[in-house]
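Single-structure report; data block below.
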Amino acid sequence: MDRREALRVLGAATAVPLVSRDLLALGRDAHARWRARPGFRVLDADQQALVTTLTDLIIPETDTPGARAARVDQFVDVMLADWYDPDDRQRFLDGLADVDARSTAATGKPFTDATPAQQTALLTTLDDELARLREAHQSTSKSFFRMLKWLTLVGYYTSQIGFEQELHERIIPGMFDPCRLQDAAARGGED
Amino acid sequence: MAKTYDAIVVGSGISGGWAAKELCEAGLETLVLEAGRPVNPDTDSVEHVPVWQMKFRGNRDRKAMLVRQPVQRNCYACDELASKFFVDDLDNPYTTDESKPFLWIRGRQVGGRSIMWGRQTYRWSDLDFEANAKDGFGVDWPIRYADIAPWYDHVERFVGISGQAEGLAQLPDGQFLPPMGMTCAETHVRDAVAKYWGRDRVVTIGRCAVLTQSHNGRAACHYCGPCHRGCVTRSYFSSINATLPAAQATGKLTLRPYSVVHSVIYDPRKKRAAGVRVVDAQTKHLIEFRGRIVFLCASALESARILLHSTSPEFPNGLANTSGQLGKNLMDHCMGGGADGTIPGYEDRTTYGNRPNGIYMPRFRNVKDRSPNFLRGYGYQGGAGREGWGRGVDQAGFGADFKRQLKGLGRWNFGFYGFGECLPRPENYIELDPGKTDAWGIPALKIHCAWSDNERALLKDMSVAAAEMLSAAGATDIRPYVQDNAPGLTIHEMGTARMGRDPKTSVLNGNNQAWDAPNLFLTDGACMASSSCVNPSITYMALTARACHYAVDAMKRREL
């Protein structure tokens, strides 16, 4: 955590008495969401919730934890704050708004309130649109969904959960085996 | 009166570290001057820091680098953890012609670029040493393979090189530790290429300065992978892991960091170098150090820059520049013609551990046959592994099945990536830029460098030949490419103070000794009269050790 981030966190903490009454009114769920928010610098509470839902649909909890547990939402916020240029950041935020707009148009509800089936249907649409760009050999670099997928995979597989629990990687393997027979679990097939 | 050292070594990178070791072990009181800060392998190595502890997960800090390291960020190794080993581009400026970009990738610290070097080590052969004499580019090397072979032996025994002996004339074998293993797909390609081309095209495991067994008190590699972030077990060779500790152990070494060398002091009465002027990087004070001999090992561009800045009534255009060749004939290997392809099969097989090495294919063009399209040749680095989770970004799908699929491994991908020889040409040169100074008030370099048609032809051939071999190996989805990399990015810059047989056309003689000042030696990449196509560091090491022994013997004979 750098100095700027630390100041943000401190700022959030001192703001608690002023805003907590409003937040409490939103109920326990929203409050839990808010409690997880210290340090967020770009995503507001609704956007954070949307990112958490979207990334967890891409990499869900299975026999191992998913994107939610790996706190991919925090990684996304750091990248939006300090990695991307303003154009790319805005494209991502616009993409989030578009997800909600499409969800509302289709179901009458914002994405996070839609049913799992409705969420999956919309994500399938976004994934299909990206696939069509690829198949037409058009640039995918401006695609919101590709950006989301990239952030999700990097955020998840470079987390401690992704690295240790999902991939069973070790920082110090201690040896090199150039042609090892894979066991079934490592192939990801039969576990 | 200030102390006179027996020897002054400028720079503590791969060449300076060797000069320090050899001169100290010969009993000389040696002062090593390093422009940058001290680096300690125990506390500064960051190869085991989990990436989830890093803000950008080990990816580069993009915005910070755009501001302070816009040049350095082009190097693959300049990531979030290792960027501290690369210079600040604002403090260390240089200029180029607008239409001729040159990427100068630098490390200013104790250990220099030996901390984040690529560790590939290949001997030159007479195919290389005779090249200039045969096709007329540059000047003839004053040495041949027989002159340097015992010095390759000497340095390799200390460094520890893992590799496979192949008995090829164009890539002589060395003193090898056991080779690292080849992956299933690499063995497949090796055998397929051998079936078509026999011993003309050989796929061998990379020869690299990483230990496969404990060696001279340094531990065997534990295959963590990111060597450019340092090595707490000293398993790869660097100045801080090996040569500087050896020099230190003699009790003869004085290592002075934060010492930016300003110029070499010339004594017109003795016609010798008298020492060096240093700007203390912290106080900015100008200090002088005296030495009986001076070794410039500051890198090809820095050593030439120091000499261009060492002007005197006797040498108005820079010390050791009577020939006018100082700063000229800049070379860097042209890299980035190649091809990737998918190797079918071996789906139940994978690798374990992170091998800090790949495969190598020695030069095969203009070895037996003669190419009509270009002079000299190229070699390939490369290798094969299975795709990991990263492939998912450009793959359809999401959810539990997608996650399960990414946990399993993807295709075996094999890549050949070419490194070509660069011709020595006087049009590629450096000069001091009168309009710009660095943070220590020393004139910056203006670098004029561009590829010629020969390098462009090599790059194209790399791509075509790589695709052809992948096809012969039964690869699918073959993807040939030619990258447009600016010179400098290969980080094999060399040639700016070439060795030669004639003081009228070269800066150094066959012992790396300046024609103009016999107690002045340049043994880094500056001395190279041609570039070969192989990674150059082991040759700098061998030439440095050879020149040190020559200098010590000459001192004993009271010639120096």
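The values are calculated or read from the model by the stated rules, or taken from the named source; none is laboratory data. Remember, predicted model here, so these are calculated numbers, not experimental data. All Cβ positions, glycine included, derive from the backbone under ideal geometry; neighbour counts span all protein chains shown. SASA here: full protein model, heavy atoms, side chains in, ligands and nucleic acids out. Shrake-Rupley method; radii C 1.70, N 1.55, O 1.52, S 1.80 Å.
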Exercise. Can we say residue B:409 is at pLDDT below 95 and either within 9 Å of chain A (Cβ to nearest Cβ) or part of a loop (DSSP other than H, G, I, E, B) (or both)?
Worked result: yes
Problem set entry | All positions within region B:29-50 that are assigned to a loop (DSSP other than H, G, I, E, B) and crowded, with 24+ Cβ neighbours inside 10 Å | B:34, B:35, B:39
Exercise. Can you name the residue in region B:169-217 that is within 12 Å of another protein chain (Cβ to nearest Cβ) and under 22 Å from the mean Cα position of the chain (by Cα) and, of all such residues, is most open to solvent (accessible area, probe 1.4 Å)?
Worked result: B:179
For this session: Considering every residue within region B:158-168, establish whether at least one is on the phi > 0 side of the Ramachandran plot, touching a His at 6+ places or on another chain (Cβ under 6 Å) and crowded, with 19+ Cβ neighbours inside 10 Å.
Result: yes
For this session: Scan region A:145-191 for residues that are at pLDDT 95 or above and of a type in the set (A, V, I, L, M) and jot them down.
Result: A:147, A:148, A:151, A:153, A:154, A:161, A:167, A:171, A:172, A:175
Problem set entry | Count of region B:117-137 residues which are at positive phi and open to solvent by less than 30 Å² (accessible area, probe 1.4 Å) | 1
For this session: Using the structure shown, decide if residue B:146 is in a loop (DSSP other than H, G, I, E, B), of a type in the set (A, V, I, L, M) and free of Cβ contacts under 8 Å to residues at least 24 places away in the same chain.
Result: no
For this session: Scan region B:78-101 and report the pairs whose first residue is under 15 Å from residue B:433 (Cβ atoms) and whose second residue is crowded, with 17+ Cβ neighbours inside 10 Å and of a type in the set (Asp, Glu), with Cβ atoms within less than 9 Å and a gap of 6+ or a chain change.
Result: B:92/B:438; B:93/B:438; B:94/B:438
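Look through B:360, B:429 and report the one residue that is touching a Lys or Arg at 6+ places or on another chain (Cβ under 9 Å), buried (at least 23 other Cβ atoms within 10 Å of the Cβ) and more than 12 Å from chain A (Cβ to nearest Cβ).
When all the criteria are applied, what remains is B:360.
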Problem set entry | Failed item in (1) surrounded by 18 or more Cβ atoms within 10 Å (Cβ to Cβ); (2) touching a Cys at 6+ places or on another chain (Cβ under 8 Å); (3) at pLDDT 95 or above, with residue B:60 passing the rest | (3)
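Inside region A:100-121, can you point out the residues that are in a helix (DSSP H, G or I) and open to solvent by less than 20 Å² (accessible area, probe 1.4 Å)? Full working, then the answer.
Of region A:100-121, the ones in a helix (DSSP H, G or I) are A:100-107, A:111-113, A:116-121.
Of everything in region A:100-121, those that are in a helix (DSSP H, G or I) and open to solvent by less than 20 Å² (accessible area, probe 1.4 Å) turn out to be A:103, A:111, A:119.
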For this session: Hey, can you tell me all the residues within region A:134-177 that are of a type in the set (D, E, K, R), part of a loop (DSSP other than H, G, I, E, B) and at the interface with chain B (Cβ under 9 Å from one of its Cβ atoms)?
Result: A:170
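Here are some residues: B:291, B:341, B:324. Which one is over 25 Å from the mean Cα position of the chain (by Cα), in a loop (DSSP other than H, G, I, E, B) and away from chain A (no Cβ under 14 Å)? Show your work before the answer.
Details: B:291 fails: in a loop (DSSP other than H, G, I, E, B); B:341 fails: in a loop (DSSP other than H, G, I, E, B).
Going through B:291, B:341, B:324 in turn, the sole match is B:324.
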Seminar exercise, completed: Taking region B:474-487 and keeping residues part of a loop (DSSP other than H, G, I, E, B) and surrounded by fewer than 24 Cβ atoms within 10 Å (Cβ to Cβ) leaves B:474, B:483, B:484, B:485, B:486
Problem set entry | Restricting region A:38-69 to residues that are facing chain B (nearest Cβ under 9 Å), part of a loop (DSSP other than H, G, I, E, B) and of a type in the set (Val, Ile, Thr), the residue that is most open to solvent (accessible area, probe 1.4 Å) | A:62
For this session: Filter region B:511-560 down to the residues that are over 23 Å from the mean Cα position of the chain (by Cα) and part of a helix (DSSP H, G or I), then identify the one that is surrounded by the fewest Cβ atoms within 10 Å (Cβ to Cβ).
Result: B:556
For this session: Output the number of the condition that residue A:123 fails; it satisfies all remaining conditions of (1) more than 7 Å from chain B (Cβ to nearest Cβ); (2) farther than 30 Å from residue B:49 by Cβ; (3) touching a residue at least 60 places away in the same chain (Cβ under 8 Å).
Result: (1)
Problem set entry | Residue list for region A:70-120, restricted to those being away from chain B (no Cβ under 13 Å), farther than 12 Å from residue A:147 by Cβ and hydrophobic (A, V, I, L, M, F, W, C) | A:97, A:99, A:101, A:105, A:106, A:111, A:114
For this session: Would you please list the contacts, defined by Cβ atoms under 7 Å and residues six or more apart or on different chains, that run from a residue in region B:110-127 that is free of Cβ contacts under 8 Å to residues at least 60 places away in the same chain to a residue that is open to solvent by 10 Å² or more (accessible area, probe 1.4 Å) and not in a loop (DSSP other than H, G, I, E, B)?
Result: B:125/B:145; B:126/B:145
For this session: Answer yes or no as to whether residue B:445 is open to solvent by less than 10 Å² (accessible area, probe 1.4 Å), in contact with a helix residue (DSSP H, G or I) (Cβ under 8 Å, 6 or more places away or on another chain), hydrophobic (A, V, I, L, M, F, W, C) and at pLDDT 95 or above.
Result: yes
